[in-house]
Amino acid sequence: MKVTIKDIAAVAGVSHSTVSRALNDSPQISKATKEKIKYLAKSMNFEFNAGARSLKGVRTGNIAVIYESYIDQFGSSLYINQLFTELRHILESMDMDAIIIEGYHPDTGASNIERLLRQQKVDGFLIVHDQITNRDYNSIQEAGLPLVQLHMRPRFFKGEKLNAFSSDNIYGGKLATNHLIKQGCRNILTVLPNEEKSLEYIDRTKGYLLALEENGIEFNPEYVIKIDCSYTKGYDLVQSIPNLIKKADGIFFQTDVQAFGFLTAAKESGIKIPQKLLVIGYDDTPVCEYTSPLLTTIHQPKKELARLAANRIMELINKVNYDKYTVEVVKPTLVLRKSS
């Protein structure tokens with residue numbers, strides 16, 4: 001019978017994750033424990049895969065960038081594609097390649113993380129996905145591979161420590177709403193994607209609510225509008241909620257693409273922006289500089305986030321500060337243009 005890591009763990013009296021880390025020379029494991037586990041592995045005729053990094057330190061030169069399937073849609077992809085471009089360029093400057101892949105196969109639901117681990121194709125994982133299972137997080141850590149969470153906070157990770165870099169969406173939502181309030185707005189709609197499980201939009205809405213509360217403006221639940229994250233749905237708002245549009249003096253769109261569609265429809269319908277209605281978006285995608293009027297928006301710090309995540313995963317690959325965990329939340333900024 002083939003000896004497994006779990007067999008070694010049972011004999012050594014440690015967890016199988018400890019065995020995996022010891023065999024991969026993780027600095028998290030003491031020298032004495034490493035020597036004990038390696039001795040047991042050898043004495044029990046544990047078979048190392050010849051292609052594995054195991055004790056040989058072989059690298060693939062690849063980093064897996066794991067994303068969620070909805071990001072493939074045009075609206076959702078505008079910002080994320082920019083983030084991935086920045087990330088890819090930075091990794092290439094470090095002589096590393098990005099394998100950009102969905103977390104789960106869209107048809108079968110099979111974990112691509114498990115597949116990459118089995119095939120030993122990557123040296124680490126950058127997770128741009130908030131619904132990765134705790135099992136997959138554990139699998140990465142048990143394999144002794146570096147793991148960095150980027151952009152999205154994880155929903156299901158149950159561990160205590162995780163290297164993570166994200167944008168402060170609560171601050172961003174508050175920043176956008178406060179800008180409209182400072183311009184004199186009091187009836188402010190917020191439009192967000194109807195992706196109930198997405199923490200980034202939950203946080204932006206929290207920021208919107210905080211700004212209203214701090215400025216003594218009563219919250220009206222009708223002013224929170226959930227639609228698909230698309231140009232078309234933003235365009236349709238002028239016809240689908242005409243009464244709310246008439247009441248509003250400001251609209252905070254939680255994605256730029258929804259605002260793009262609305263600006264087009266507003267111009268066709270004779271709604272004067274910003275004279276009668278102020279509009280602000282979120283993400284600062286390049287199209288903002290070509291809309292009519294040019295879209296005021298919240299700039300997400302994609303270059304800084306990509307740089308932080310890439311630097312950290314390379315540190316982990318090179319066993320630098322391996323036993324330390326970095327969590328950094330970067331504040332977005334306001335970009336003033338002509339729509340507000």
Requested in this report: Answer yes or no: is there a residue in region 120-135 that is at pLDDT below 95 and more than 23 Å from Gly159 (Cα to Cα).
Outcome: yes
**Report entry** For Lys247: the one exception among (1) exposed (fewer than 14 other Cβ atoms within 10 Å of the Cβ); (2) free of Cβ contacts under 8 Å to residues at least 40 places away in the same chain
**Finding:** (2)
Query - Selection count, region 1-35, where residues are in contact (Cβ under 8 Å) with a residue 24 or more places away in the chain, over 15 Å from Ile140 (Cβ atoms) and charged (D, E, K, R) - result: 3
Report summary line: When restricted to Phe156, Phe165, the only residue within 19 Å of Gln300 (Cα to Cα) and in contact with a helix residue (DSSP H, G or I) (Cβ under 9 Å, 6 or more places away or on another chain) is Phe165
Requested in this report: Please go through region 50-70 and pick out each residue that is assigned to a loop (DSSP other than H, G, I, E, B), surrounded by fewer than 16 Cβ atoms within 10 Å (Cβ to Cβ) and modelled with pLDDT of 55 or more.
Outcome: Val58, Arg59, Gly61
Query raised in the report: From the list Leu162, Leu189, Leu180, which one is of a type in the set (A, V, I, L, M), in contact (Cβ under 8 Å) with a residue 24 or more places away in the chain and more than 21 Å from Phe262 (Cα to Cα)?
Result: Leu162
Report task. From (1) of a type outside the set (Gly, Ala, Ser); (2) surrounded by 14 or more Cβ atoms within 10 Å (Cβ to Cβ); (3) not assigned by TED's automatic domain parsing to the domain that holds Leu212, pick out the condition that doesn't hold for Lys161. Result -> (2)
Query raised in the report: Which fully enclosed helices (runs of 4 or more DSSP H) of region 184-285 have 1 or more residues being out of contact with any Asp or Glu (no Cβ under 9 Å at 6 or more places or on another chain) and of a type in the set (Phe, Trp, Tyr)?
Result: 199-214, 231-240, 256-269
**Report entry** Residues within region 307-325 that are in contact with a helix residue (DSSP H, G or I) (Cβ under 9 Å, 6 or more places away or on another chain) and among the β-branched types (Val, Ile, Thr), tallied
**Finding:** 2
**Report entry** Among residues of region 178-229, those that are polar (S, T, N, Q) and either outside the structural domain of Leu278 (by TED's automatic domain parsing) or touching a Pro at 6+ places or on another chain (Cβ under 9 Å) (or both), counted
**Finding:** 1
**Report entry** Residue within region 314-329 that is under 30 Å from Val65 (Cα atoms), charged (D, E, K, R) and without any contact (Cβ under 8 Å) to a residue 60 or more places away in the chain present
**Finding:** yes
Query raised in the report: Counting only residues that are among the β-branched types (Val, Ile, Thr) and closer than 9 Å to Ala64 by Cβ, which one in region 101-118 is farthest from the chain's Cα centre (by Cα)?
Result: Ile113
Query raised in the report: Taking region 156-177, which residues are in a strand (DSSP E or B) and more than 22 Å from Asn62 (Cβ to Cβ)?
Result: Ser166, Ser167
Query raised in the report: Can you spot a residue in region 199-218 that is in contact (Cβ under 8 Å) with a residue 60 or more places away in the chain and among the aliphatic types (A, V, I, L, M)?
Result: yes
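The values are calculated or read from the model by the stated rules, or taken from the named source; none is laboratory data. The structure displayed is predicted, hence computed values, not measured ones. Note that each Cβ is placed from the backbone with ideal geometry, even for glycine, and that neighbours are counted across all protein chains shown.
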